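Step one of this worksheet: look at the structure below.
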Amino acid sequence: MPPNHLYVHVPFCARRCSYCDFSIAVRSRTPIDEYVTALRSELKQGSVDGATLDTVYLGGGTPSRLGGPGVAMVLAAIRDHTTISSTAEVTIEANPDDVSDIAVAQWLAAGVNRISLGAQSFDDTVLAWMHRTHDSSQIAGAVKTIRRGGIENISLDLIFALPAHLNRDWKNDVEHALALAPAHVSLYGLTVEAHTPIARWADRGAIVEGSEAQYEDEFLYANDAMSAAGFEHYEVSNFSLPGKSSRHNSAYWTGASYAGVGPSAHSFDGAARRWNVAAYAEWARRLSNSEPVLGGEEILTDENRDVEEVYLGLRTRNGLELGEAELSVAELWRSAGWAEIESRRMVLTPTGWLRLDSLAADLAARRSNRPSPALIATPSHSYI
Ligand code: SF4
């Protein structure tokens, strides 16, 4: 069966943000025609032929750099091979400085009904440190413009746990985000990834990462503030108003099949995970020669599946069904404040989510009868 979910990677950015290690192509002028021609060639290879899509997600990179006409061209190319259902969730990631009345009108006309806006902070000093291309006033302006254009389903991305020397006021940023009345908020804890500008700054001692205590405080503060504002913390990094959770990302977390097109995009058919070559130039070159763009694949073993089921279950509010033998350890986690248990279903609390890596590793080891790693009481959070 063809998948019901399609991810499209649009790699272009005006410049690299200081923390970003994504597969991007920095371009002052976005090569829209070249990209769409390559995308059409990839779609012709047949991975989504005949699919009825329930979600389409244009991520990046910065899909909004395609402008109104470019996004319309991408969605038209997809429609040549699939049916985008009339109730589909169609999301594009946008940077505030790409949002205009004309672009929103063109995105809406092309079928976009959800915009994920890269806000990150409302502090101009912080935004400059991050190498963002917008200031805080442009975030509020973009939200107003998107709404005026008729798209209500707006998500905001925020980054927390920044180095202390920035004196970032996290509470103030959360309040600013809530004041814009988004339907959804995604939070990402800053991690220093190799080959990023901040990794170089850290190497030469110019920055010191935020402390573990700061990480916990800011994560738990966001949980409390957003819960009080009516949001459900439905996944470790994501909050939504009722009925506004990301249907596309939820498909990933429930193990559904999905297809991905564009450089570095991943696909999953229930048995294997495959990914495209990451570099834009190589992806486009192969397609211009009608060559496959597969960069690698991983066939899931039974053990892989067990581990994924545990990680995916524990990261969402849906939780995980427990076996008889797991009830005693689940009770320990419940008494530590890390989990709630309803009949046989365990759901991690926000305090538990701060320990997701170690808790999931422990439970997965028990399921596959491997020696269980000693439970780590300190937080570990590479997933947020
Ligand atoms: S806009 Fe997004 S993808 Fe592009 S460099 Fe910044 S964080 Fe990375």
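The values are calculated or read from the model by the stated rules, or taken from the named source; none is laboratory data. Keep in mind it's a predicted model, so treat the numbers as computed, not measured. Note that we place each Cβ from the backbone using ideal geometry, even for glycine, and neighbour counts take in every protein chain shown. Heavy atoms of the whole protein, side chains included, go into the accessibility calculation; ligands, DNA and RNA do not. Shrake-Rupley method; radii C 1.70, N 1.55, O 1.52, S 1.80 Å.
One table, with the values for the structure above:
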read-out	value
Solvent-accessible heavy-atom area per residue, rounded to whole Å², over segment 274-373 at 1.4 Å	50 Å²
Gaussian network model of the chain, springs between alpha carbon atoms under 10 Å - residue of Ser121, Ser18, Ser64 with greatest fluctuation	Ser18
Sparse-neighbourhood loop sites, trypsin sites (Lys or Arg not before Pro) in segment 1-53 - DSSP loop, at most 12 other Cβ within 10 angstrom	Arg29
For the chain, built as a Gaussian network whose Cα springs stay under 10 Å, the top-fluctuating residue of Gly352, Gly118, Gly46	Gly46
Paramagnetic reach from Asn369 (point 7 Å along Cα→Cβ, amide N under 14 Å) across segment 322-340	none
Partner aspartates and glutamates for Lys171 [C-alpha distance under 12 Å; skip if fewer than 8 residues away on the same chain]	Asp123, Asp217, Glu218, Asp224
Accessible-area composition of the chain, carbon plus sulfur, in percent [1.4 Å probe]	51 percent
Amide proton proximity set for Thr52, modelled H, under 5 Å, gap of 5+	Thr83
Mean separation of Cα contacts under 8 Å, 6 or more apart, over the residue count of segment 111-201: relative contact order %	32 percent
Over the chain, relative contact order from alpha-carbon pairs under 8 Å, at least 6 apart, %	15 percent
Span-like helix ranges in the chain, DSSP H, alpha carbon extent 30 angstrom or more, Kyte mean at least -1.0	none
Per residue accessible area in Å² of segment 1-92, where ligands, DNA and RNA are left out and the probe is 1.4 Å	40 Å²
Ala25 long-range amide H proximity, modeled H, under 5 Å	Phe12, Cys13
All aspartates and glutamates inside 14 Å of Lys244 as judged from Cα atoms, apart from same-chain residues fewer than 8 positions distant	Glu89, Glu152, Glu232, Glu235
Percentage relative contact order, segment 1-91, counting C-alpha pairs under 8 Å, at least six apart	40 percent
Amide H contacts of Tyr188 (H built 1.01 Å from N, under 5 Å, at least 5 apart or other chain)	Leu158, Ile159, Phe160
Sum of -39500 (n - 2.57) over DSSP H runs of 4+, divided by residues of the chain (222 nm, nearest 500)	-11000 deg cm²/dmol
Isolated Cys in the chain, by beta carbon distance under 4.7 Å	Cys13
Beta bridge orientation in the chain: antiparallel %, DSSP, nearest 5	40 percent
Peptides ranked, highest mean first, by Cβ atoms within 10 Å: ranges 309-315, 259-265, 166-172	259-265, 309-315, 166-172
Accessible area (Å², per residue) of segment 150-241, counting only protein heavy atoms and a probe of 1.4 Å	42 Å²
Cα centroid separation - segment 160-207 against segment 46-89, whole Å	30 Å
Candidates Ile299, Ile84, Ile115, ranked by Gaussian network fluctuation over the chain, Cα under 10 Å, top entry	Ile299
